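Values in this text are rule-based calculations from the coordinates and carry no lab data. Just so it is clear, the model here is predicted, and its values are computed rather than measured. When we count neighbours, we look across all protein chains shown, and the Cβ atoms used for this are built from the backbone with ideal geometry, even at glycine.
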């Protein structure tokens with residue numbers, strides 16, 4: 001049961017929501033009560049706030065509330081209006097304070113109900129929040145027409161500035177006069193600038209016949225986005241009462257007046273948390289049981305697979321025994337095929353490699369091409385053992401032996417008519433191309449020998465170069481072919 005206690009200058013009245021409408025009720029409420037005060041003692045004060053945060057800001061605002069409203073406990077700092085800039089959003093430079101000085105009337109109204117009190121809200125603050133919806137202009141008048149009086153609130157930048165309760169203006173013309181009087185007061189106090197532009201205004205309640213009266217005073221009548229501004233006189237409660245039962249910010253009552261309601265909410269939250277924890281525990285236990293069931297099923301399936309594979313292995317061993325061939329011989333044959341035959345280097349790749357090397361220089365001719373497979377550390381050139389940089393290592397137990405190597409001997413005939421310098425440059429280019437191959441180890445390099453003979457000043461440098469244009473090298477692993485074309 002949703003109940004609102006409406007406190008006015010003429011008395012108090014309890015209202016219950018029945019579906020989409022509100023009806024007066026004279027009995028006690030069975031649920032919490034939201035108190036809405038519509039009294040002349042409602043007042044707004046805007047104060048500058050230094051750039052402080054957290055407890056410092058809260059303490060500053062509490063001191064300002066005590067200074068501005070020392071005689072009432074019903075006071076609060078309202079949410080700030082729309083701000084620009086990150087720092088202004090984090091710590092707004094100005095804050096609006098609201099106080100309700102009719103403390104005795106509000107306390108008497110609260111003591112008249114036996115149900116828990118959800119809080120106390122002022123009509124001025126509720127009207128300001130109704131006017132601060134996204135589709136409304138930031139600066140406008142909002143007016144509540146009721147038989148108890150005329151409530152006028154002006155909102156500037158989303159924050160309320162002034163609130164008036166006029167009791168002796170029954171006719172629409174008198175009420176328009178009071179609205180214009182409020183406007184002139186704001187202009188005289190420099191809150192508003194004088195302008196010829198129509199000022200927006202919203203009327204909560206019956207607004208019939210107000211459009212013409214307001215247009216003559218350069219004021220434009222707007223409708224609330226909820227569409228409840230042009231309804232019957234008694235139906236304005238659907239705007240404010242529906243808003244207050246949502247417990248918006250701006251609650252005025254101290255905690256001592258709301259202890260029962262706050263405790264019930266905490267108790268409900270504790271029950272919800274306990275139920276959620278119990279549900280999570282049950283779900284967790286259920287997930288564990290499902291996991292155990294799945295693990296047992298997976299174990300059973302694995303045991304079945306192992307038994308099936310063991311049966312297949314036994315059948316295979318019986319078939320091998322029926323053939324009459326020793327399995328160890330088969331394993332040795334497969335090992336020999338993999339390590340000796342399939343792992344043998346490719347002669348074709350080495351021929352292509354040599355062709356690519358010769359293509360890099362003009363007028364070169366291959367006189368000799370010796371190719372043989374050898375083991376690491378067993379290299380020799382022309383049948384003579386030479387020192388190899390590839391050590392001979394024994395294979396580890398259970399692993400294949402080291403890769404076989406290729407010993408390659410090349411004798412290249414250089415072009416006719418080259419002088420000593422050109423001959424040396426050509427042989428150096430050939431040696432450089434050979435040295436760039438992956439996995440190559442050069443054992444005999446005639447380019448180095450002819451260079452050393454030239455440095456020693458030997459007279460037979462050219463003849464030595466012609467006889468010693470023989471390279472001897474070893475290649476290990478796959479051969480990386482150089483790019484085709486001349487450099």
Report summary line: Taking 154-165, 247-258 and ranking on average Cβ neighbours within 10 Å, highest first, one gets 154-165, 247-258
Query raised in the report: Using 7 Å Cα-to-Cβ label points, what is the residue 139/residue 333 separation (nm, one decimal)?
Result: 10.3 nm
Report summary line: For the chain, the longest principal axis of the Cα atoms and the Cα long axis of helix 327-336 enclose an angle in degrees, to the nearest 10, of 90 degrees
Report task. Kindly rank 122-129, 211-218, 423-430 from highest to lowest mean number of other beta carbons found within 10 Å of each residue. Result -> 122-129, 423-430, 211-218
Query raised in the report: What's the angle, to the nearest 10 degrees (0 to 90), between helix 347-359's Cα axis and the longest principal axis of the chain?
Result: 90 degrees
Query raised in the report: For residue 291 and residue 83 in one chain, what is 0.36 nm times their gap in residues minus the Cα-Cα distance, to one decimal in nm?
Result: 69.5 nm
Query raised in the report: According to the Cα gyration tensor, what semi-axes, each the square root of 5 times an eigenvalue, does the equivalent ellipsoid of the chain have, listed from largest to smallest in whole Å?
Result: 103, 40, 21
Query raised in the report: Among 69, 369, 241, 53, which comes first, second and so on when ranked by fewest other beta-carbon atoms within 10 Å?
Result: 53, 369, 241, 69
Requested in this report: Quick one: angle between helix 54-68 and the longest Cα principal axis of the chain, in degrees between 0 and 90, rounded to 10, please.
Outcome: 10 degrees
**Report entry** Label point distance in nm, residue 366-residue 111, each placed 7 Å from Cα along Cα→Cβ
**Finding:** 11.8 nm
Report summary line: Most exposed first, judged by fewest Cβ atoms within 10 angstrom, 6, 350, 331 run 331, 350, 6
Query - Kirkwood-based Rg to Rh ratio, region 83-224, C-alpha trace - result: 1.00
**Report entry** Distance in nm between pseudo-label sites at residue 279 and residue 235 (7 Å out along the Cβ direction from Cα)
**Finding:** 3.9 nm
Report summary line: Check: C-alpha center region 127-191 vs C-alpha center region 26-78, spacing in Å is 21 Å
Report summary line: By the mean-Cβ-within-10 Å protection proxy, highest first, 293-300, 197-204 rank as 197-204, 293-300
**Report entry** Which of 52, 117 has the fewest Cβ neighbours within 10 Å, and the rest in rising order
**Finding:** 52, 117
